[in-house]
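Contents: one structure, followed by commentary.
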Amino acid sequence: MTGSSDNNSVPRLVIKKILANLQKEGEGALVRQGITESEHKLLDSFKLLVEFTFSLSAGFPDHPHRGFESVTYMFKGGIIHNDLNGHNGTIRAGDVQWLTSGRGIIHSEMPEEEVNNGLQLWINLPSHDKMIEPKYKVQSSLDIPRAEEKGVEVKVIAGDSMGIQSLVYTRTPTMFLDFTLKPGSQTHQTVPELWTAFAYIIEGDEGVFGSLNSSAISAHHVVVFGPGDLVSVWNKSTSRPLRFLLIAGEPIGEPVVQCGPFVMNSQAEIDMAFEDYQNARNGFEMAKCLRSQ
């Protein structure tokens, strides 16, 4: 078992499951989008979840962001990150990049190897944080705390589990846990009662979520949980591990308007973001300079 629970715990049951279908995006890129606009109200504070795979011929050249944090978690290969604020580096398999776009950032994410696979999560920022200065942090795979007991391994990227606490500070309070369950094992993780919570299944075909009598759910599904304070998961497989991310966050409860790379509170703020980018001001001063490579 992981986390702590007692007889007064309220299990979080599955209220929705979404298959993240594989889609082509440009040349050499495949994506699975797990959170779309229809899930935003169920998952307040989370705006996008996409699993991506791309080759050396693909990638994401310079593009702007404003108003949210992005979390990039690599499973295979690597991404070379450059931005016009001077943050440069490569995130490789097992590494995590936290990027607070704040008032504005322009960056590129380009492939390092022939096969590059990972996941990106967008976390909304409250209105009072949307125009803060950008920040950038990388967690090396070796620096991510982890624990293991009774056939369950967890990597604590943000939040806490099995008595292990991540040192990562997130402006929007967030839990980000990477679980691997051996065949026949189970885990029971406490989650703050008022937070929204979901899982994304990376590997496995016989994961049972929320209740022991629920139907098994396979890889590449997003599993949305209802209210409660305890997430329970069982791996019913006798031969294959079950790997999933458990992600939860404190709802912000504010109006949200998303348009392309900007996440703001109103259409007027979205319009201003585009104007600022086009006119190289208010966080986008470097827009007309040499592009990052």
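Would you mind calculating the gained length between Met272 and Leu19 on full extension (0.36 nm times residue separation, minus the Cα-Cα distance), in nm to one decimal?
87.6 nm
So how much accessible area does His40 have, in Å² to the nearest 10, using a 1.4 Å probe?
30 Å²
So, with a 1.4 angstrom probe, what is the percent of accessible area on segment 48-129 that is carbon and sulfur? If you can, show how the numbers build up before the last one.
On the way: 1200 of 2310 Å².
Whole-percent figure for carbon plus sulfur exposure: 52.
Enter the Cα centre distance for the pair segment 217-236 and segment 123-177, rounded to the nearest angstrom.
A separation of 19 Å, based on Cα centres.
Once the Cα atoms of helix 267-278 and of the chain are each reduced to a long axis, what angle between those two axes, in degrees from 0 to 90 to the nearest 10, is obtained?
50 degrees
Note down the accessible area of Lys16, probe 1.4 Å, to the nearest 10 Å².
Per-residue accessible area (Lys16): approximately 70 Å².
How do Trp98, Trp195 stack up against each other in accessible area, from largest to smallest, with a 1.4 angstrom probe?
Descending accessible area places them as Trp195, Trp98.
Tell me what the chain gives for mean residue ellipticity at 222 nm when only DSSP H runs of n ≥ 4 count, each as -39,500 (n - 2.57), the sum divided by the residue total, rounded to 500 deg cm²/dmol.
When only DSSP H runs of four or more count, the value is -1500 deg cm²/dmol.
Compute the relative contact order of the chain as a whole-number percentage, counting only Cα pairs closer than 8 Å that sit 6 or more residues apart in sequence.
Once normalised by length, the contact order is 22 percent.
Classify segment 21-143 as rounded, prolate or oblate from the Cα gyration tensor: take a ≥ b ≥ c as the square roots of its eigenvalues, call it rounded if a/c is under 1.5, otherwise prolate when a/b beats b/c and oblate if not.
Cα axes put segment 21-143 in the oblate bin.
How much of the accessible area of segment 222-274, probe 1.4 Å, is carbon plus sulfur, in whole percent?
After summing per-atom areas, the C and S share lands at 58 percent.
Treating cross-link reach as a plain straight distance, find the lysines whose alpha-carbon is under 18 Å from the alpha-carbon of Lys41, omitting any fewer than eight places away in the same chain.
Candidates past the 8-residue exclusion: Lys16, Lys17.
Set the Förster radius R0 to 25 Å, insert the Cβ-Cβ distance between Leu194 and Ser127 as r into 1/(1 + (r/R0)^6), and round the FRET efficiency to 0.05. Don't skip to the answer; put the middle values down first.
On the way: r = 19 Å, r/R0 = 0.77.
Once the sixth-power term is evaluated, E becomes 0.85.
Please calculate the 1.4 Å probe accessible area of Glu113, with all protein chains present, and give it to the nearest 10 Å².
Accessible area, nearest 10 Å²: 90 Å².
At 1.4 Å probe size, with every protein chain present, just tell me what the per residue accessible area of the chain comes to in Å².
44 Å²
From the Cα gyration tensor of segment 88-170, with a ≥ b ≥ c the square roots of its eigenvalues, which class applies: rounded if a/c is under 1.5, or else prolate if a/b is larger than b/c, or else oblate?
oblate
Can you grab the distance from the C-alpha centre of segment 31-58 to the C-alpha centre of segment 98-117, Å, no decimals?
15 Å
The values are calculated or read from the model by the stated rules, or taken from the named source; none is laboratory data. Since the model is a prediction, treat every value here as computed from it, not as a measurement. Cβ: placed from backbone, ideal geometry, glycine included. Neighbour counts: every protein chain shown. In case anyone asks, the SASA skips ligands and DNA or RNA and just uses the protein heavy atoms, side chains included. Shrake-Rupley method; radii C 1.70, N 1.55, O 1.52, S 1.80 Å.
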